[in-house]
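Here's the structure, in C-alpha coordinates; my notes come after.
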(Lines give C-alpha, C1' and ligand atoms only; values in the text may rest on other atoms or scores of the structure.)
Protein backbone atom coordinates (compact mmCIF):
# COMPACT_ATOMS: atom_id res chain seq x y z
CA UNK A 1 0.00 0.00 0.00
CA UNK A 2 2.73 2.46 0.98
CA UNK A 3 4.63 1.56 -2.18
CA UNK A 4 1.69 2.56 -4.39
CA UNK A 5 1.11 5.78 -2.46
CA UNK A 6 4.80 6.66 -2.70
CA UNK A 7 4.91 5.80 -6.41
CA UNK A 8 1.81 7.90 -7.08
CA UNK A 9 3.33 10.84 -5.20
CA UNK A 10 6.60 10.60 -7.16
CA UNK A 11 4.70 10.35 -10.44
CA UNK A 12 2.63 13.45 -9.65
CA UNK A 13 5.69 15.34 -8.48
CA UNK A 14 7.59 14.42 -11.65
CA UNK A 15 4.71 15.46 -13.89
CA UNK A 16 4.37 18.77 -12.05
CA UNK A 17 8.10 19.43 -12.31
CA UNK A 18 8.16 18.66 -16.03
CA UNK A 19 5.17 20.91 -16.68
CA UNK A 20 6.83 23.74 -14.74
CA UNK A 21 10.13 23.27 -16.57
CA UNK A 22 8.30 23.55 -19.91
CA UNK A 23 6.99 26.93 -18.77
CA UNK A 24 10.39 28.10 -17.50
CA UNK A 25 11.58 31.39 -18.96
CA UNK A 26 14.86 31.76 -20.85
CA UNK A 27 16.12 34.04 -18.07
CA UNK A 28 15.75 31.32 -15.44
CA UNK A 29 17.47 28.81 -17.74
CA UNK A 30 20.43 31.18 -18.12
CA UNK A 31 20.59 31.94 -14.39
CA UNK A 32 20.34 28.26 -13.38
CA UNK A 33 22.94 27.06 -15.90
CA UNK A 34 25.39 29.80 -14.90
CA UNK A 35 24.73 29.04 -11.22
CA UNK A 36 25.60 25.38 -11.74
CA UNK A 37 28.62 26.38 -13.82
CA UNK A 38 29.82 28.62 -10.99
CA UNK A 39 29.89 25.65 -8.59
CA UNK A 40 31.87 23.54 -11.09
CA UNK A 41 34.34 26.38 -11.73
CA UNK A 42 34.71 26.91 -7.97
CA UNK A 43 35.72 23.25 -7.58
CA UNK A 44 38.29 23.83 -10.36
CA UNK A 45 39.47 27.01 -8.58
CA UNK A 46 39.12 29.12 -11.75
CA UNK A 47 38.73 32.90 -11.53
CA UNK A 48 35.97 33.10 -14.13
CA UNK A 49 33.66 31.49 -11.54
CA UNK A 50 32.95 35.02 -10.27
CA UNK A 51 31.83 36.14 -13.74
CA UNK A 52 29.40 33.22 -14.06
CA UNK A 53 28.22 33.73 -10.48
CA UNK A 54 27.84 37.49 -10.91
CA UNK A 55 25.66 37.20 -14.02
CA UNK A 56 23.59 34.42 -12.45
CA UNK A 57 22.91 36.33 -9.23
CA UNK A 58 22.16 39.56 -11.11
CA UNK A 59 19.43 37.73 -13.04
CA UNK A 60 18.16 36.10 -9.84
CA UNK A 61 17.88 39.48 -8.12
CA UNK A 62 15.31 40.42 -10.76
CA UNK A 63 13.63 37.00 -10.96
CA UNK A 64 13.14 36.69 -7.20
CA UNK A 65 11.68 40.19 -6.93
CA UNK A 66 9.39 39.47 -9.89
CA UNK A 67 8.01 36.32 -8.21
CA UNK A 68 7.53 38.06 -4.85
CA UNK A 69 10.52 36.50 -3.06
CA UNK A 70 11.89 39.84 -1.93
CA UNK A 71 14.13 38.51 0.85
CA UNK A 72 15.69 36.10 -1.64
CA UNK A 73 16.22 39.04 -4.01
CA UNK A 74 18.08 40.94 -1.29
CA UNK A 75 20.12 37.82 -0.55
CA UNK A 76 21.14 37.63 -4.21
CA UNK A 77 22.19 41.29 -4.16
CA UNK A 78 24.61 40.29 -1.40
CA UNK A 79 25.83 37.34 -3.48
CA UNK A 80 26.35 39.70 -6.43
CA UNK A 81 28.40 42.08 -4.28
CA UNK A 82 30.51 39.17 -3.03
CA UNK A 83 31.10 37.98 -6.63
CA UNK A 84 32.35 41.43 -7.63
CA UNK A 85 34.49 41.63 -4.47
CA UNK A 86 35.88 38.12 -5.01
CA UNK A 87 36.80 38.90 -8.62
CA UNK A 88 38.53 42.11 -7.56
CA UNK A 89 40.49 40.38 -4.77
CA UNK A 90 41.52 37.57 -7.13
CA UNK A 91 42.64 40.05 -9.79
CA UNK A 92 44.19 42.88 -7.77
CA UNK A 93 44.19 41.97 -4.09
CA UNK A 94 46.95 40.63 -1.90
CA UNK A 95 46.47 36.97 -0.94
CA UNK A 96 45.97 36.53 2.78
CA UNK A 97 46.16 33.57 5.14
CA UNK A 98 42.88 31.61 5.23
CA UNK A 99 41.59 30.91 8.76
CA UNK A 100 41.73 27.29 9.88
CA UNK A 101 38.58 25.16 9.86
CA UNK A 102 37.06 24.92 13.33
CA UNK A 103 33.85 24.08 15.16
CA UNK A 104 31.38 26.56 16.58
CA UNK A 105 31.75 27.27 20.28
CA UNK A 106 29.01 28.61 22.54
CA UNK A 107 29.70 32.22 21.51
CA UNK A 108 29.58 31.30 17.81
CA UNK A 109 26.23 29.55 18.27
CA UNK A 110 24.84 32.57 20.12
CA UNK A 111 25.94 34.77 17.22
CA UNK A 112 24.42 32.34 14.72
CA UNK A 113 21.10 32.32 16.56
CA UNK A 114 21.24 36.11 16.90
CA UNK A 115 21.78 36.59 13.16
CA UNK A 116 19.00 34.13 12.32
CA UNK A 117 16.48 35.59 14.76
CA UNK A 118 17.36 39.22 14.01
CA UNK A 119 17.30 38.78 10.23
CA UNK A 120 14.05 36.79 10.38
CA UNK A 121 12.25 39.40 12.49
CA UNK A 122 13.40 42.33 10.34
CA UNK A 123 12.75 40.59 7.03
CA UNK A 124 9.37 39.22 8.08
CA UNK A 125 8.22 42.63 9.35
CA UNK A 126 9.35 44.39 6.17
CA UNK A 127 7.86 41.75 3.85
CA UNK A 128 4.54 41.58 5.70
CA UNK A 129 4.24 45.33 6.18
CA UNK A 130 5.64 46.88 3.02
CA UNK A 131 5.35 44.27 0.23
CA UNK A 132 2.74 42.09 -1.43
CA UNK A 133 4.64 38.89 -0.52
CA UNK A 134 2.39 35.83 -0.18
CA UNK A 135 5.03 33.91 1.79
CA UNK A 136 6.69 36.45 4.13
CA UNK A 137 7.54 33.94 6.86
CA UNK A 138 8.85 31.28 4.49
CA UNK A 139 10.89 33.77 2.46
CA UNK A 140 12.28 35.45 5.58
CA UNK A 141 13.29 32.12 7.16
CA UNK A 142 15.17 30.90 4.07
CA UNK A 143 17.13 34.15 3.83
CA UNK A 144 17.75 34.49 7.59
CA UNK A 145 19.29 31.01 7.86
CA UNK A 146 21.34 31.67 4.71
CA UNK A 147 22.74 34.88 6.25
CA UNK A 148 23.72 32.93 9.38
CA UNK A 149 25.31 30.17 7.29
CA UNK A 150 27.33 32.69 5.31
CA UNK A 151 28.64 34.21 8.55
CA UNK A 152 29.76 30.76 9.68
CA UNK A 153 31.37 30.17 6.29
CA UNK A 154 33.33 33.42 6.54
CA UNK A 155 34.57 32.28 9.98
CA UNK A 156 35.48 28.86 8.50
CA UNK A 157 33.13 27.04 10.88
CA UNK A 158 32.30 23.50 9.79
CA UNK A 159 28.66 23.95 10.83
CA UNK A 160 28.16 26.42 7.97
CA UNK A 161 27.33 23.50 5.67
CA UNK A 162 24.56 22.35 8.02
CA UNK A 163 23.11 25.84 8.45
CA UNK A 164 23.18 26.55 4.73
CA UNK A 165 21.51 23.19 4.07
CA UNK A 166 18.82 24.09 6.58
CA UNK A 167 18.16 27.11 4.38
CA UNK A 168 18.31 24.98 1.22
CA UNK A 169 15.88 22.41 2.66
CA UNK A 170 13.22 25.11 3.04
CA UNK A 171 14.18 26.89 -0.19
CA UNK A 172 13.62 23.87 -2.47
CA UNK A 173 9.84 23.50 -1.85
CA UNK A 174 9.47 27.31 -1.76
CA UNK A 175 11.00 27.63 -5.23
CA UNK A 176 8.77 24.86 -6.60
CA UNK A 177 5.77 26.63 -5.05
CA UNK A 178 6.80 29.87 -6.78
CA UNK A 179 7.17 27.95 -10.07
CA UNK A 180 10.95 28.24 -10.33
CA UNK A 181 11.69 24.52 -10.89
CA UNK A 182 15.17 24.91 -12.39
CA UNK A 183 16.25 27.07 -9.47
CA UNK A 184 14.79 24.48 -7.08
CA UNK A 185 16.78 21.73 -8.81
CA UNK A 186 19.90 23.92 -8.67
CA UNK A 187 19.31 24.37 -4.92
CA UNK A 188 18.95 20.60 -4.58
CA UNK A 189 22.31 20.28 -6.35
CA UNK A 190 23.82 22.79 -3.90
CA UNK A 191 22.29 20.79 -1.02
CA UNK A 192 24.18 17.69 -2.19
CA UNK A 193 27.40 19.68 -2.72
CA UNK A 194 27.10 21.04 0.83
CA UNK A 195 26.94 17.49 2.21
CA UNK A 196 30.23 16.69 0.48
CA UNK A 197 31.62 20.00 1.75
CA UNK A 198 30.72 19.10 5.33
CA UNK A 199 32.45 15.70 5.18
CA UNK A 200 35.48 17.20 3.45
CA UNK A 201 35.85 19.84 6.18
CA UNK A 202 35.26 17.21 8.85
CA UNK A 203 38.19 15.24 7.45
CA UNK A 204 40.33 18.40 7.45
CA UNK A 205 39.32 19.05 11.06
CA UNK A 206 40.18 15.48 12.13
CA UNK A 207 43.58 15.62 10.40
CA UNK A 208 44.31 18.99 12.01
CA UNK A 209 43.41 17.55 15.42
CA UNK A 210 45.71 14.55 14.90
CA UNK A 211 48.56 16.88 13.89
CA UNK A 212 48.04 19.02 16.98
CA UNK A 213 48.03 15.97 19.25
CA UNK A 214 51.23 14.67 17.62
CA UNK A 215 53.01 17.95 18.38
CA UNK A 216 52.12 17.74 22.09
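Taking the conditions (1) under 17 Å from residue 163 (Cβ atoms); (2) in a helix (DSSP H, G or I) in turn, residue 126 satisfies each one other than (1).
Restricting 60, 124, 50 to those that are more than 21 Å from residue 168 (Cβ to Cβ), in contact with a helix residue (DSSP H, G or I) (Cβ under 7 Å, 6 or more places away or on another chain) and crowded, with 18+ Cβ neighbours inside 10 Å reduces the list to 50.
Each residue in region 67-77 was checked for being part of a helix (DSSP H, G or I) and either in contact (Cβ under 8 Å) with a residue 24 or more places away in the chain or under 20 Å from residue 137 (Cβ atoms) (or both), and 7 pass.
Please verify whether residue 91 is surrounded by 15 or more Cβ atoms within 10 Å (Cβ to Cβ), modelled with pLDDT under 95 and in a helix (DSSP H, G or I), treating the condition exactly as stated. Here the answer is no, as residue 91 does not meet what is asked.
Check region 105-117 and report whether any residue there is outside any loop (DSSP other than H, G, I, E, B), modelled with pLDDT under 90 and more than 18 Å from residue 76 (Cα to Cα). Looking for residues that are outside any loop (DSSP other than H, G, I, E, B), modelled with pLDDT under 90 and more than 18 Å from residue 76 (Cα to Cα), one finds none in region 105-117, hence no. Out of (1) outside any helix (DSSP H, G or I); (2) surrounded by fewer than 16 Cβ atoms within 10 Å (Cβ to Cβ); (3) in contact with a helix residue (DSSP H, G or I) (Cβ under 8 Å, 6 or more places away or on another chain), the odd one out for residue 134 is which? Evaluating residue 134 over (1) outside any helix (DSSP H, G or I); (2) surrounded by fewer than 16 Cβ atoms within 10 Å (Cβ to Cβ); (3) in contact with a helix residue (DSSP H, G or I) (Cβ under 8 Å, 6 or more places away or on another chain) leaves (3) as the failure. Is it fair to say residue 164 is in a helix (DSSP H, G or I), more than 14 Å from the chain's Cα centre (by Cα) and either crowded, with 21+ Cβ neighbours inside 10 Å or touching a residue at least 60 places away in the same chain (Cβ under 8 Å) (or both)? For residue 164, the condition - in a helix (DSSP H, G or I), more than 14 Å from the chain's Cα centre (by Cα) and either crowded, with 21+ Cβ neighbours inside 10 Å or touching a residue at least 60 places away in the same chain (Cβ under 8 Å) (or both) - is not met. Give region 171-187 a look and list any residue that's assigned to a helix (DSSP H, G or I) and surrounded by 16 or more Cβ atoms within 10 Å (Cβ to Cβ), or say none. Selection gives 171, 172, 174, 175, 176, 181, 182, 183, 184, 185, 186, 187.
Quick check on region 15-51: of everything there that is modelled with pLDDT of 80 or more and either in a loop (DSSP other than H, G, I, E, B) or touching a strand residue (DSSP E or B) at 6+ places or on another chain (Cβ under 8 Å) (or both), which residue is nearest to residue 86 (Cα to Cα)? Looking at the filtered set, the residue picked out is 48.
Evaluation of residue 142 against the conditions (1) touching a helix residue (DSSP H, G or I) at 6+ places or on another chain (Cβ under 7 Å); (2) at pLDDT below 95; (3) in a helix (DSSP H, G or I); (4) farther than 26 Å from residue 47 by Cα shows that the sole unmet condition is (2).
The values are calculated or read from the model by the stated rules, or taken from the named source; none is laboratory data. Predicted, not measured: the structure shown is a model, and the values here were computed from it. Glycine also receives a Cβ, built like all others from the backbone with ideal geometry; neighbour counts cover every protein chain displayed.
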